[in-house]
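Participant: What follows is a single structure, and I will ask about it in a moment.
The values are calculated or read from the model by the stated rules, or taken from the named source; none is laboratory data. It should be emphasised that the depicted structure is a prediction, and the values quoted were computed from it without experimental measurement. Please note: Cβ atoms are built from the backbone with ideal geometry, for glycine as well, and neighbour counts cover all protein chains shown.
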Amino acid sequence: MRHILDIAKRSEQSYRPLYSTFLDDRQLAICEAALKSEWGGRFDSFGGYPSAERKVLAFGDGDSLLSCIPFSAAVFNYRVGSNLCHRDFLGSLMALGVKRELFGDILVGKTRTAVFVMNTALGPVKEMTRVGKCGVWVTEDFSDADIPVQEFDEIKTTVASLRLDSVVSDGLRISREKAAELIRTKGVLHNRVMTYSPDDRVEEGDRISARGFGKFELYEVGTQSKKGRIFITLHKFI
């Protein structure tokens, strides 16, 4: 948090855009809350594509931020049947000496995998020829086709109210009592903001994440049943 606040203030004082390294959902939530309460200036976040989970925080004039984003997409190409997974790429990059904060999401496909890498670490990544036991060649031709479709299980249910603990109960398939305890003791990310309040209100389109339990979206809020319960549709991401 201190480091991020320092970047924000240096950007403000120097009148030039500055960026963090990659942050995960929880780190983003903590840093964004600190920036709003202790700094109050303008900032944005980017991860390479709209639904990115790991992002960099950006500070500076909005028109210049996109023109000098400090990361690029490295696309690993390989043969069909290589059966490479997220862990293979994560392990190979870490073995190369690339720290986790220097690369963002890893988008695994059948013959191509895109990894967003800070430009300071891009050189050695582009020279990689193997991931695990498979030969690869790296290009920089990332396109929207490399973004995998998010898979999910659809849950149709009813809730007594749109309280956070009630929705979390169905989204994580645990009792309401356990959901309330989870929220109070460990917290959940509600639209990337950490909360410990079981009675927070959830709205259509909200995303909720609990470490160790998964992530889901309140996709649709429907009508009420004759008994006053609310029909909802959840998308539990796989």
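Participant: Please work out which one of (1) on the phi > 0 side of the Ramachandran plot; (2) touching a helix residue (DSSP H, G or I) at 6+ places or on another chain (Cβ under 7 Å) is the condition A114 fails and give its number.
Facilitator: (1)
Participant: Now for a separate question. For K156, are the conditions met, namely being farther than 23 Å from K36 by Cα, among the basic types (K, R), at pLDDT below 95 and assigned to a strand (DSSP E or B)?
Facilitator: Working: farther than 23 Å from K36 by Cα: yes; among the basic types (K, R): yes; at pLDDT below 95: no; assigned to a strand (DSSP E or B): yes.
No; evaluated as a whole, the condition is false for this residue.
Participant: Just to be sure I understand, how many residues within segment 159-174 are touching a residue at least 60 places away in the same chain (Cβ under 8 Å) and part of a strand (DSSP E or B)?
Facilitator: Here the count works out to 1.
Participant: In this structure, does A29 turn out to be modelled with pLDDT of 95 or more and either more than 30 Å from F216 (Cβ to Cβ) or buried (at least 16 other Cβ atoms within 10 Å of the Cβ) (or both)? Spell out the reasoning first.
Facilitator: Numbers: modelled with pLDDT of 95 or more: no; either more than 30 Å from F216 (Cβ to Cβ) or buried (at least 16 other Cβ atoms within 10 Å of the Cβ) (or both): yes.
Answer is no for this residue.
Participant: Residues G40, G97, G81: which one is assigned to a loop (DSSP other than H, G, I, E, B) and closer than 19 Å to L5 by Cα?
Facilitator: Numbers: G97 fails: closer than 19 Å to L5 by Cα; G81 fails: closer than 19 Å to L5 by Cα.
Step by step, each of G40, G97, G81 is checked, and only G40 is assigned to a loop (DSSP other than H, G, I, E, B) and closer than 19 Å to L5 by Cα.
Participant: Limited to segment 88-120, what total is found for residues that are surrounded by fewer than 18 Cβ atoms within 10 Å (Cβ to Cβ), among the basic types (K, R) and closer than 19 Å to V149 by Cα?
Facilitator: 1
Participant: Give me the residue from segment 117-153 that is in a loop (DSSP other than H, G, I, E, B) and free of Cβ contacts under 8 Å to residues at least 40 places away in the same chain and, out of that set, nearest to the chain's Cα centre (by Cα). Steps first, answer last, please.
Facilitator: Let us first name the residues in segment 117-153 that are in a loop (DSSP other than H, G, I, E, B), namely 127-129, 132-133, 136, 140-143, 147-151.
Adding the requirement that they be free of Cβ contacts under 8 Å to residues at least 40 places away in the same chain leaves 127, 129, 133, 143, 149.
Working: E127: 27, T129: 28, K133: 28, S143: 19, V149: 15 Å.
Among those that are in a loop (DSSP other than H, G, I, E, B) and free of Cβ contacts under 8 Å to residues at least 40 places away in the same chain, it is V149.
Participant: On to the next question. Yes or no: T113 among the polar types (S, T, N, Q), at pLDDT 95 or above and touching a His at 6+ places or on another chain (Cβ under 9 Å)? Before you say what the answer is, go through the steps one by one.
Facilitator: On the way: among the polar types (S, T, N, Q): yes; at pLDDT 95 or above: yes; touching a His at 6+ places or on another chain (Cβ under 9 Å): yes.
So T113 passes the test.
Participant: Anything in segment 208-234 that is of a type in the set (K, R), touching a residue at least 12 places away in the same chain (Cβ under 8 Å) and not in a strand (DSSP E or B)? List them, or say none. Explain how you work it out, then say what you get.
Facilitator: As a first pass, look at segment 208-234 and keep what is of a type in the set (K, R): 211, 215, 226-227, 229.
If we keep only those that are touching a residue at least 12 places away in the same chain (Cβ under 8 Å) as well, we get 211, 215, 229.
R211, R229 - these are the residues of segment 208-234 that are of a type in the set (K, R), touching a residue at least 12 places away in the same chain (Cβ under 8 Å) and not in a strand (DSSP E or B).
Participant: Let me ask something else. Looking at T223, T158, T139, which one is in the same structural domain as G81 (by TED's automatic domain parsing) and either surrounded by 15 or more Cβ atoms within 10 Å (Cβ to Cβ) or among the polar types (S, T, N, Q) (or both)? Before you say what the answer is, go through the steps one by one.
Facilitator: Working: T223 fails: in the same structural domain as G81 (by TED's automatic domain parsing); T158 fails: in the same structural domain as G81 (by TED's automatic domain parsing).
On inspection, the qualifying residue turns out to be T139.
Participant: Mind listing whichever residues of segment 184-207 are of a type outside the set (D, E, K, R) and touching a helix residue (DSSP H, G or I) at 6+ places or on another chain (Cβ under 6 Å)?
Facilitator: Here is the first cut: in segment 184-207, the residues of a type outside the set (D, E, K, R) are 185, 187-191, 193-198, 202, 205.
Listed by number, the residues that qualify are L189, V193, M194, Y196, P198, V202.
Participant: While we're on this one: Of the residues that sit in segment 175-207 and are surrounded by 15 or more Cβ atoms within 10 Å (Cβ to Cβ) and part of a helix (DSSP H, G or I), which one is farthest from the chain's Cα centre (by Cα)?
Facilitator: R176
Participant: Looking at S20, S45, S64, which one is among the hydroxyl-bearing types (S, T, Y), in a helix (DSSP H, G or I) and outside the structural domain of P124 (by TED's automatic domain parsing)? Spell out the reasoning first.
Facilitator: Numbers: S20 fails: in a helix (DSSP H, G or I); S45 fails: in a helix (DSSP H, G or I).
Unique residue meeting the criteria: S64.
Participant: Name the single residue that is surrounded by the most Cβ atoms within 10 Å (Cβ to Cβ) among those in segment 226-238 being more than 23 Å from D25 (Cα to Cα) and not polar (S, T, N, Q). I'd like the intermediate steps shown before the answer.
Facilitator: Going residue by residue through segment 226-238, those that are more than 23 Å from D25 (Cα to Cα) are 226-233.
Checking the rest, the ones that are also not polar (S, T, N, Q) come to 226-232.
Working: K226: 5, K227: 7, G228: 9, R229: 13, I230: 17, F231: 14, I232: 22.
Ranking the candidates gives I232 first.
Participant: Among the residues of segment 28-68, which ones are among the hydroxyl-bearing types (S, T, Y) and without any contact (Cβ under 8 Å) to a residue 60 or more places away in the chain? Working first, answer last.
Facilitator: Pass one, segment 28-68, residues among the hydroxyl-bearing types (S, T, Y): 37, 45, 49, 51, 64, 67.
Answer for segment 28-68, where residues must be among the hydroxyl-bearing types (S, T, Y) and without any contact (Cβ under 8 Å) to a residue 60 or more places away in the chain: S37, S45, S64, S67.
Participant: Residues S209, S169: which one is outside the structural domain of I106 (by TED's automatic domain parsing) and over 23 Å from L23 (Cβ atoms)? So that I can check it myself, show each step before the final result.
Facilitator: Working: S209 fails: over 23 Å from L23 (Cβ atoms).
S169 is the lone residue from the list that is outside the structural domain of I106 (by TED's automatic domain parsing) and over 23 Å from L23 (Cβ atoms).
Participant: For T195, state whether it is in the same structural domain as R184 (by TED's automatic domain parsing) and at pLDDT 95 or above.
Facilitator: On the way: in the same structural domain as R184 (by TED's automatic domain parsing): yes; at pLDDT 95 or above: no.
Judged against the criteria, T195 is not a match.
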